[in-house]
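Following: one structure in structure tokens, then a few remarks.
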Amino acid sequence: MVHYETAGESHGTGITTIISGFPSQLPVDVDFIQNELVRRQKGYGSGPRMRMEKDTVEFLGGVRWKETLGSPISVLVRNRDSVNWKIQMDPLGFPPPDYHEVTIPRPGHTDLAGMVKYQFTDIRNVIERASARETVGRCVAGSFAKMFLNQLGIGVGGYVESIGGIVADTEMTLEEKIKAALNSTLATFDQQSEKKMMKVIDQAREKGDSLGGTFVVVAFGMIPGLGDYTSAAKRLDAQLAAGLMSVPSVKGVEIGDGFLSAQLFGSEAHDAIYYDQDREPFSFFRSTNRAGGVEGGVSTGEPIVVRCAMKPIPTLQKGLPSVDIIEKSNVVARYERSDICAVPRGLVVGEAMVAWVLASVVREKFGGDSLNEVKENFRNYLKYLRDFSTKKIK
Ligand code: EPS
């Protein structure tokens with residue numbers, strides 16, 4: 001029902017995002033969207049490009065007087081750096097006589113597989129679109145998803161849990177971790193670990209190396225019944241995993257205690273069901289949330305908790321062995337300006353993807369063309385949950 005697509009190259013004019021399937025009358029909070037884009041640009045370990053870009057949204061369609069129209073929404077974020085790439089990235093020009101094709105693929109990037117696939121001899125054609133610059137569009141789409149979910153009381157946030165093997169592990173609730181992360185330069189919750197993480201990023205920089213890590217995304221205000229166990233593609237956990245695995249550098253996704261639960265007895269791995277009539281609108285609850293808010297592909301009503309592993313940035317100042325694809329000679333991979341560690345930035349993109357998937361399953365379940373209609377359908381469902389919780393069902 002909802003769909004987004006991004007278009008644009010890293011050093012071209014900009015990244016356009018087209019979003020469809022949202023209802024009319026959704027208030028568009030431009031400051032909120034801008035703030036999401038600022039969050040995506042920050043983080044200790046970001047490269048020089050992020051100091052150059054000042055990502056700013058331009059609305060080209062689908063929004064009037066700060067409300068959605070129900071029509072496809074089109075948003076452009078310009079690349080400031082494009083002024084330095086006018087000739088190299090000209091959509092209609094010719095390669096200049098002194099132009100050198102990029103012919104040495106970087107291990108870990110999609111350079112080699114991408115050029116084979118599209119029959120390019122110039123890796124620049126691959127780099128430009130494979131670049132994580134594209135994730136600015138994901139955050140635009142995710143901002144609309146977050147604004148929509150907020151209307152129904154569903155909030156999405158997150159925190160960085162580890163960088164380069166340094167794990168933040170202070171005892172805190174999920175809410176406290178997310179709040180603390182908002183004031184951290186590495187989007188993490190524990191100041192002691194943050195200092196160690198910054199140190200290890202400095203070490204990576206000095207060594208001409210890079211680092212990955214893990215982040216956790218959480219959705220609060222959940223209701224039971226989103227997603228579907230009846231078909232593979234509709235399973236909520238499958239959709240979350242697909243959305244998050246589509247984020248550049250993400251190599252692993254875990255829902256709840258995923259990998260840990262594989263080591264436990266069933267009695268230790270699942271969430272017992274309890275009843276408390278004072279809980280509204282759904283009186284059935286769990287005292288643990290090992291399932292991460294999803295059982296059998298359907299939301300349980302507990303918070304969604306998803307952990308992602310990001311590999312280290314593949315562009316290394318001290319490049320790994322590679323091969324020049326023209327000469328077939330052994331060489332060292334080229335260095336292109338890059339981040340040292342992009343995990344705090346990946347978190348913001350991960351939040352965007354989780355919000356997008358949740359907005360999608362909410363649209364599937366509650367339909368409606370206007371926000372009022374969505375809200376009315378949503379209220380009816382809350383009433384049903386209350387009835388389900390209180391009525392004796394034979
Ligand atoms: C990236 C390399 C760097 C990053 C870029 C992703 O850009 P450049 O090649 O211009 O130095 O800054 O990320 C962004 C531009 C962004 O907005 O996130 C890469 O090779 O993937």
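Quick notes on this structure:
- The single condition among (1) within 15 Å of the ligand (Cβ to nearest atom); (2) over 22 Å from residue 328 (Cβ atoms); (3) open to solvent by 10 Å² or more (accessible area, probe 1.4 Å) that residue 98 does not meet is (1).
- Residues being at pLDDT 95 or above and surrounded by fewer than 18 Cβ atoms within 10 Å (Cβ to Cβ) - total across the stretch 1-15: 4
- Options 287, 267: the member that is touching a strand residue (DSSP E or B) at 6+ places or on another chain (Cβ under 7 Å) and among the hydroxyl-bearing types (Ser, Thr, Tyr): 287
- Residue count, the stretch 67-86 (criterion: aliphatic (A, V, I, L, M), surrounded by 11 or more Cβ atoms within 10 Å (Cβ to Cβ) and within 16 Å of the ligand (Cβ to nearest atom)): 3
- Contact annotation: residue pairs with Cβ atoms under 7 Å, 6 or more positions apart or on different chains, pairing a residue in the stretch 44-66 that is away from the ligand (no atom under 16 Å from the Cβ) and open to solvent by less than 30 Å² (accessible area, probe 1.4 Å) with a partner that is modelled with pLDDT of 90 or more and of a type in the set (Gly, Ala, Ser), are 61/71; 61/74; 62/71; 62/74.
- Among the residues of the stretch 315-335, none qualifies, meaning not one is over 30 Å from residue 101 (Cβ atoms) and not small (Gly, Ala, Ser).
- Residue count, the stretch 15-68 (criterion: of a type in the set (Asp, Glu) and within 25 Å of residue 163 (Cα to Cα)): 2
- Qualifying residue in the stretch 360-370 (condition: open to solvent by 30 Å² or more (accessible area, probe 1.4 Å), touching a Phe, Trp or Tyr at 6+ places or on another chain (Cβ under 9 Å), over 30 Å from residue 131 (Cα atoms) and acidic (Asp, Glu)): no
- Residue check, residue 104 buried (at least 18 other Cβ atoms within 10 Å of the Cβ), within 20 Å of residue 333 (Cβ to Cβ) and away from the ligand (no atom under 11 Å from the Cβ): yes
- The lone criterion from (1) among the hydroxyl-bearing types (Ser, Thr, Tyr); (2) open to solvent by 40 Å² or more (accessible area, probe 1.4 Å); (3) at pLDDT below 95 left unmet by residue 338 is number (2).
- Among the residues listed as 143, 231, the single one being within 16 Å of the ligand (Cβ to nearest atom), among the small types (Gly, Ala, Ser) and at pLDDT 95 or above: 143
- Screening the stretch 288-389 for strands (runs of 3 or more DSSP E) wholly inside it with 1 or more residues that are in contact (Cβ under 8 Å) with a residue 60 or more places away in the chain, closer than 30 Å to residue 48 by Cα and more than 16 Å from the ligand (Cβ to nearest atom) returns the ranges 304-310, 321-323, 330-332.
- Of the residues making up the stretch 227-265, those that are part of a helix (DSSP H, G or I), more than 30 Å from residue 386 (Cβ to Cβ) and touching a helix residue (DSSP H, G or I) at 6+ places or on another chain (Cβ under 7 Å) are 232, 243, 244, 261.
- Number of the exception - residue 34 against (1) within 11 Å of the ligand (Cβ to nearest atom); (2) open to solvent by 10 Å² or more (accessible area, probe 1.4 Å); (3) touching a strand residue (DSSP E or B) at 6+ places or on another chain (Cβ under 9 Å); (4) in a helix (DSSP H, G or I): (1)
- For the stretch 8-27, the condition holds for at least one residue, the condition being that it is under 28 Å from residue 324 (Cβ atoms), hydroxyl-bearing (Ser, Thr, Tyr) and assigned to a loop (DSSP other than H, G, I, E, B).
- Pairs linking a residue in the stretch 267-280 that is farther than 18 Å from residue 294 by Cα to a residue that is polar (S, T, N, Q), with Cβ atoms under 6 Å and 6 or more positions apart or on different chains, are 275/283; 276/283; 277/283.
The values are calculated or read from the model by the stated rules, or taken from the named source; none is laboratory data. None of these values were measured; they are calculated from a predicted model. In this analysis, Cβ positions are derived from the backbone assuming ideal geometry, glycine residues included, and neighbour counts consider all displayed protein chains. Surface areas here come from the heavy atoms of the whole protein model, side chains and all, with no ligands, DNA or RNA. Shrake-Rupley method; radii C 1.70, N 1.55, O 1.52, S 1.80 Å.
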